[in-house]
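> Just dropping this structure here.
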C-alpha cells in the first residue's frame, strides 16, 4: 500500500481502499454508471480533507474495472458500492500510478525551485487533450482525475474548458475542488456536480 510522503500516514488517495461517510455519493455515481448515461465530467466539491480525491480514485477504479464489459449493464449489488478488491489488477496499477487509461493532473514539482508549483499550469491540462485522443488501452474508458481543479491558473482552466466543450466518447473527467468558486463558471456548467 502506498503511504503518504512521510511513509507513516494514511494511504494516498490512489491506494486507499477505505472510504467512510460517502455512501450517498457512491450510490449516485454507481447509478450514473449503470444508467448508461454517464456524464463526461463530474465535479466533486467539499471541504479539504474529507475524501474527495479518494472517492475520485475509487470511482475511476470502478469505471476502469467494469467499463470494458459493462457499459451500462446492471452490475451485481454489494455493500461496498464502488469498492474494487486491492488484489485486483486495475486497483494495483492505479495505486502504483501505472494504469494506461488513467491520467492524473495535479500541481507538478518544479525542479528549478525544488518545490511543488503553487498552481496547475497550462502544459499540465494540455496533456489531457493528447491523452483523450488515444484509444483506450483496455477497450473501455479513458479517465482523467484533476486533483485540485480549483488550483488551475486561467490558461490551464481555458485549456480544460476546450476539452469539456467537445468531450470524446467514453471519456470521463473527475474534477476535485475544495473551492469551486475559483473555477470558471463555464467549467462548472459543463460538469455534473457532486458534493462530497
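The values are calculated or read from the model by the stated rules, or taken from the named source; none is laboratory data. Quick caveat: nothing in here was measured; it's all calculated off a predicted structure. Reconstructed Cβ throughout: ideal geometry from the backbone, glycine too, with neighbour counts over all protein chains shown.
> Given 135, 186, which one is without any contact (Cβ under 8 Å) to a residue 24 or more places away in the chain and either surrounded by fewer than 17 Cβ atoms within 10 Å (Cβ to Cβ) or assigned to a strand (DSSP E or B) (or both)?
Working: 186 fails: without any contact (Cβ under 8 Å) to a residue 24 or more places away in the chain.
Result: 135 is the single residue among 135, 186 that is without any contact (Cβ under 8 Å) to a residue 24 or more places away in the chain and either surrounded by fewer than 17 Cβ atoms within 10 Å (Cβ to Cβ) or assigned to a strand (DSSP E or B) (or both).
> Related question: Go through segment 28-47 and report how many residues are surrounded by fewer than 20 Cβ atoms within 10 Å (Cβ to Cβ) and assigned to a helix (DSSP H, G or I).
Number of matching residues: 6.
> Kindly indicate whether residue 112 is more than 19 Å from the chain's Cα centre (by Cα), in a loop (DSSP other than H, G, I, E, B) and without any contact (Cβ under 8 Å) to a residue 60 or more places away in the chain.
The answer is yes for residue 112.
> I'd like to know if segment 28-45 contains one or more residues that are touching a helix residue (DSSP H, G or I) at 6+ places or on another chain (Cβ under 6 Å) and over 24 Å from residue 165 (Cα atoms).
No: segment 28-45 contains no residue that is touching a helix residue (DSSP H, G or I) at 6+ places or on another chain (Cβ under 6 Å) and over 24 Å from residue 165 (Cα atoms).
> Further question on the same structure: Of all residues in segment 85-103, which are crowded, with 17+ Cβ neighbours inside 10 Å and either over 12 Å from residue 65 (Cα atoms) or modelled with pLDDT under 90 (or both)?
If the condition is that a residue be crowded, with 17+ Cβ neighbours inside 10 Å and either over 12 Å from residue 65 (Cα atoms) or modelled with pLDDT under 90 (or both), then 95, 103 are the ones that fit.
> So which pairs qualify, if the first residue must be in segment 36-47 and without any contact (Cβ under 8 Å) to a residue 60 or more places away in the chain, the second must be part of a loop (DSSP other than H, G, I, E, B), the Cβ gap must be under 7 Å, and the two must be at least 6 apart or on different chains?
36/71; 36/72
> Assuming residue 158 fulfils every condition listed in (1) surrounded by 18 or more Cβ atoms within 10 Å (Cβ to Cβ); (2) more than 15 Å from the chain's Cα centre (by Cα) apart from one, which condition is it?
So the condition that residue 158 fails would be (1).
> Residue by residue through segment 48-57, note down the ones that are in contact (Cβ under 8 Å) with a residue 40 or more places away in the chain and either in a strand (DSSP E or B) or out of contact with any strand residue (DSSP E or B) (no Cβ under 8 Å at 6 or more places or on another chain) (or both).
48, 50, 51, 54
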